[in-house]
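Structure first, commentary second.
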Amino acid sequence: MKHLIVYAHPNKESLNHSILDTTVNTLNKLGHEVVVRDLYALDFQPVLKPTDTEAMKAGQTPIDIKTEQEFISEADVITFIYPIWWTGLPAILKGYVDRVFSYGFAYSSGEEGINKLLKGKKGIIINTHGTPKEIYDQIGMTEGLKVTSDIGIFDFTGIEPVEHLLFGSIGYLNEEEYKSILKKVESSLNRHFS
């Protein structure tokens, strides 16, 4: 299978980067093809501008958007790895979704409503956040994050959400607990793609 990983964290020493490495290594060991799009390393421009919209309506999709859309088109599985900041996606990833998951590419509308144009693909999301998981569970934030990303982005465009891992208390755990997170990531990927 072809995997596209869209990664959004600015710090190469972060847990998110270790999660990225674990994901790539696990999928490679399983014999899958993996492409990583590190949005910070790419210096991806996240702001959707009127010129972008006008160009796409005219069939002249800007090259940076078209490049990312080609990676999505070629992928069987799309994985987002990012930290939760202010209960949502980092701005660079939100901008990626705004610009790349565009009307006419990821979805369209017709007499029957929304046409999901990315059907046949699977989606995985891996998140970290500083708030303890129990608090996010209790206040409904865990469920809210799953609804807005799994349903609001992936399912809305036809991507089947197969896993959403959320890891809390980041910055407050011991070394064994961080290792356990990486083992959970590896185990999940083995379960879905062995």
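The values are calculated or read from the model by the stated rules, or taken from the named source; none is laboratory data. Only a predicted model underlies this, so the values are computations on that prediction, with no experimental measurement involved. So basically every Cβ, Gly included, is an ideal-geometry build from the backbone, and we count neighbours across all protein chains shown.
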- [ ] Mind counting the residues in region 66-81 that are closer than 18 Å to THR157 by Cβ, not aromatic (Phe, Trp, Tyr) and not in a helix (DSSP H, G or I)?
- [x] 5
Task: Yes/no for HIS164 being closer than 27 Å to PHE44 by Cβ, touching a Pro at 6+ places or on another chain (Cβ under 9 Å), modelled with pLDDT of 95 or more and surrounded by 15 or more Cβ atoms within 10 Å (Cβ to Cβ) - done: no
Task: Odd one out for GLU74 among (1) in contact with a strand residue (DSSP E or B) (Cβ under 8 Å, 6 or more places away or on another chain); (2) surrounded by 14 or more Cβ atoms within 10 Å (Cβ to Cβ) - done: (2)
Open item on the list: So in region 7-65, with the set limited to residues that are in contact (Cβ under 8 Å) with a residue 40 or more places away in the chain and assigned to a strand (DSSP E or B), which one is nearest to ASP98 (Cα to Cα)?
Closed with: TYR7
TODO: Can you tell me which residue within region 24-35, out of those that are touching a strand residue (DSSP E or B) at 6+ places or on another chain (Cβ under 6 Å) and surrounded by 17 or more Cβ atoms within 10 Å (Cβ to Cβ), is nearest to PHE71 (Cα to Cα)?
DONE: VAL34
Task: Checking GLY110 against (1) at pLDDT 95 or above; (2) small (Gly, Ala, Ser); (3) over 17 Å from the mean Cα position of the chain (by Cα), the condition it does not meet - done: (1)
